[in-house]
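Peer 1: Before I ask anything, here is the structure I am working with.
Taken together, the values in this text are just the output of simple stated rules run on the coordinates, not laboratory data. A quick note: this is a predicted structure, and the numbers were derived from the prediction, not measured. Don't worry about glycine lacking a Cβ; one is built from the backbone with ideal geometry, like all the others, and counts go over all protein chains shown.
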Amino acid sequence: MVYLSDLGKAYYMQKDFTKAETALRQAVRHDPEGLAHYQLALVYRSLGQKEAANEQFEISRKLKLESLAHAETQMKTMESYPNDCRAAKRVDRSRRRAGVVSSRVRRWDRPIRCSAP
C-alpha cells in the first residue's frame, strides 16, 4: 500500500523510527517493486539492526530486478509486434504495474486505445 510506505517514509524523515518500522512492516506485504523494503532497510540501519537492514536491502534489490526484467520482456514483445493492439495493451498494463517509464517507452505514456476490437 502506497500510503503506508509514504507514512513510513514520513516517520523516518522525522526520526520516529518505531512508527516508521510499524508502517513499513505493513507496507512490505503489498510491495511488488521493493520500495517499502528499501525504506524499511533504512529504518533498520538507523536502529542499528545491520542484519535486518541487509536482508531488506537484498529483498528490495531482487524485487526491483524482477520488475525491470518483466518490463524489458514486455517492451521487447511490444517492439516485435508494434501493430498488435492486444500486445500493446498487455505491455501498457504491465509497465504501469511495474511503475516503469523509461526513455524507450515514453511514446506509450498514455493508455493505449485501439480502433479495432
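Peer 1: Given the Cα-Cα distance of residue 26 and residue 45 and 0.36 nm per residue of separation, how much length would full extension add, in nm?
Peer 2: Working: separation 19, 0.36 × 19 = 6.84 nm, distance 1.80 nm.
In short, 5.0 nm is gained.
Peer 1: I need the phi-derived Karplus couplings for segment 8-22: 6.51 cos²θ - 1.76 cosθ + 1.60, θ = phi - 60°, integer Hz, Gly and Pro marked x.
Peer 2: Those phi angles translate into x, 5, 5, 4, 4, 5, 8, 6, 9, 5, 5, 5, 4, 4, 4 Hz.
Peer 1: For residue 62 and residue 13 in one chain, what is 0.36 nm times their gap in residues minus the Cα-Cα distance, to one decimal in nm?
Peer 2: Working: separation 49, 0.36 × 49 = 17.64 nm, distance 2.49 nm.
Full extension of this stretch gives 15.1 nm more.
Peer 1: By a straight-distance test (C-alpha under 18 Å), which lysines pair with residue 76 as possible cross-link partners, with residues fewer than eight away in the same chain excluded?
Peer 2: Excluding near neighbours in sequence, the set is 89.
Peer 1: Magnitude of the Cβ-charge dipole of segment 1-47, K/R +1 and D/E -1, about the Cα centre, nearest 20 debye? All intermediate terms of the calculation are to be shown ahead of the outcome.
Peer 2: Numbers: 6 positive and 5 negative charges, 29 e Å.
In total the dipole reaches around 140 debye.
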